[in-house]
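Q: Supplied in structure tokens, the structure appears directly below.
The values are calculated or read from the model by the stated rules, or taken from the named source; none is laboratory data. Here the structure is a predicted model, which is why all the values come from computation and not from measurement. When we count neighbours, we look across all protein chains shown, and the Cβ atoms used for this are built from the backbone with ideal geometry, even at glycine.
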Amino acid sequence: MDFSLVLAARLRRLERPPLFFLFSYPGQLLASGMGFSLWSLFKAGLLVSNAVTVLNPKRFLARYNLTPADMSEHGSPLKNQVIGLLQATQYLKVPLIVLNLLVIIVELLFG
């Protein structure tokens with residue numbers, strides 16, 4: 001079955017403008033619960049941020065020479081950017097905890 005026909009039928013049945021679904025909870029649009037919305041993008045970004053934050057510089061990043069001590073002026077600019085990003089995410093631990101709690105509460109209430 002054509003996806004656009006299914007989407008059109010659901011939009012007619014719900015009688016809401018399509019822009020509403022950009023800000024809606026993902027389970028409202030598709031039966032699978034994996035709609036393309038800002039909420040889904042936010043959760044994906046939060047998961048990636050969590051994954052980068054928990055990387056241990058001494059045990060994991062040292063294997064790939066991605067510690068702050070490996071930054072150099074004559075090194076690869078991309079490598080220096082990655083090292084800077086990994087270092088900057090260490091300061092985001094408290095906001096990530098708050099955002100994770102917010103997502104958990106929203107999922108429990110509307111999930």
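Q: I need the full set of residues from the range 83-99 which are within 24 Å of Lys58 (Cβ to Cβ) and within 18 Å of the chain's Cα centre (by Cα), in order please.
A: Leu85, Leu86, Ala88, Thr89, Gln90, Tyr91, Leu92, Lys93, Val94, Pro95, Leu96, Ile97
Q: Only residues that are closer than 24 Å to Ile97 by Cβ, free of Cβ contacts under 8 Å to residues at least 12 places away in the same chain and either of a type in the set (D, E, K, R) or assigned to a loop (DSSP other than H, G, I, E, B) (or both): list them for the range 36-79, please.
A: Correct list: Val54, Asn56, Lys58, Arg59, Phe60.
Q: When you check Ser37 against the structure, is it at pLDDT 85 or above, among the hydroxyl-bearing types (Ser, Thr, Tyr) and within 11 Å of the chain's Cα centre (by Cα), yes or no?
A: Considered against the rule, which asks whether it is at pLDDT 85 or above, among the hydroxyl-bearing types (Ser, Thr, Tyr) and within 11 Å of the chain's Cα centre (by Cα), Ser37 comes out as no.
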